[in-house]
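Accompanying notes for the structure given below.
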Amino acid sequence: MSRNAEIHRKTSETDILLTINLDGRGHHKISTGVGFFDHMLTAVSVHGLFDLTVQATGDLHIDTHHTIEDVGIVLGQALNQALGDRKGITRTAHAYVPMDEALGFVAIDLGGRPYTVFQGSWHTPAIGQMPIDLVQHFFETVAIHAKMNLHARIAYGRNDHHQAEALFKAFARALRTAVTLDPRRIDVASTKGTLTE
């Protein structure tokens, strides 16, 4: 069973081509024009073992908001497409990831009901070119379009780079487990019989 997706989204603000293989090896080729965001998407690929390519151009002369938001839309759509009817997936998972003094936690349910809870505080307005509020917004956007329930929490930390990286790595590792096919499950992990409606 192929669990791949390719999404191309073009608007007056951004032009994004994204491919993902849920059963990959962590191969990646990512270019969004936003250095720290590229670093975080690379972490998602490597720690989730997803083969991921992202080629994004956007109106960076305005700011980075549209590019980061629209990559979140496309990534969520690609995850939803690659998961198909979601039969056999583990569905729920969580991960804690430390990054030096910071600790990030993410829990995921791929049950078809988009919702996000985000808890955490920051110390600076931006990490490189990425405004700090877009970390939460990116996760919210992915969750909506992937039909995912996502809870993310910064347990503690002093450095925003470390806090954000811990969250993205925790997201990758939780997602990797949640999308894994359970060899004992022949249908969906739901008493209602579907995870897509």
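For region 4-179, what does the alpha-carbon gyration tensor say about shape, rounded, prolate or oblate, given a ≥ b ≥ c as the root eigenvalues, a/c under 1.5 as rounded, and a/b over b/c as prolate?
oblate
List the GluC sites (Glu not before Pro) in region 3-103 that DSSP assigns to loop (not H, G, I, E or B) and whose Cβ has at most 10 other Cβ atoms within 10 Å. Which are they?
Loop-located and lightly packed - none at all.
Please compute the net charge surrounding Asn21, taking Lys and Arg as +1 and Asp and Glu as -1 over other residues with Cβ under 15 Å from its Cβ.
So the surrounding residues net to +1.
Could you work out the local net charge near Ser2, counting Lys and Arg as +1, Asp and Glu as -1, over the other residues with Cβ closer than 15 Å to its Cβ?
Residues close to Ser2 contribute a combined charge of -1.
Could you list Ser31, Ser45, Ser2 in order of exposure, starting from the residue whose Cβ has the fewest other Cβ atoms within 10 Å?
Arranged by neighbour count, lowest to highest, Ser31, Ser45, Ser2 become Ser2, Ser31, Ser45.
Please compute the contact order of the chain in relative form: average sequence separation of alpha-carbon pairs under 8 Å and at least six residues apart, divided by the residue count, as a percent.
RCO, the chain: 26 percent.
Going toward the positive end of the dipole of region 4-179, with +1 on Lys and Arg Cβ and -1 on Asp and Glu Cβ, which of Leu175, Thr92, Gly33 do you reach last?
Farthest towards the positive pole: Thr92.
By counting other Cβ atoms within 10 Å of each Cβ, how are Leu110, Leu17 ranked from fewest to most?
Leu17, Leu110
Based on Cβ point charges of +1 for Lys and Arg and -1 for Asp and Glu, what charge dipole magnitude is obtained for the chain about its Cα centre, in debye rounded to the nearest 20?
It comes to approximately 880 debye.
Spin-label point model (7 Å from Cα, Cβ direction): what's the Gln136 to Asp187 distance in nm?
Spacing of the two 7 Å Cα→Cβ label points: 4.0 nm.
Working out 0.36 nm times the residue gap between Thr124 and Glu101, then minus their Cα-Cα distance, what length gain in nm do you get to one decimal?
Gain on stretching Thr124 to Glu101: 6.6 nm.
Helix 133-146 against the longest principal axis of the chain: what's the angle in degrees, Cα atoms only, rounded to the nearest 10?
20
Read the figures in this text as sums done on the coordinates, not as results from a lab. Quick caveat, the model's predicted, so the values are computed rather than measured. A quick note on method: Cβ atoms are made from the backbone with ideal geometry, for glycine too, and the neighbour counts reach across all protein chains shown.
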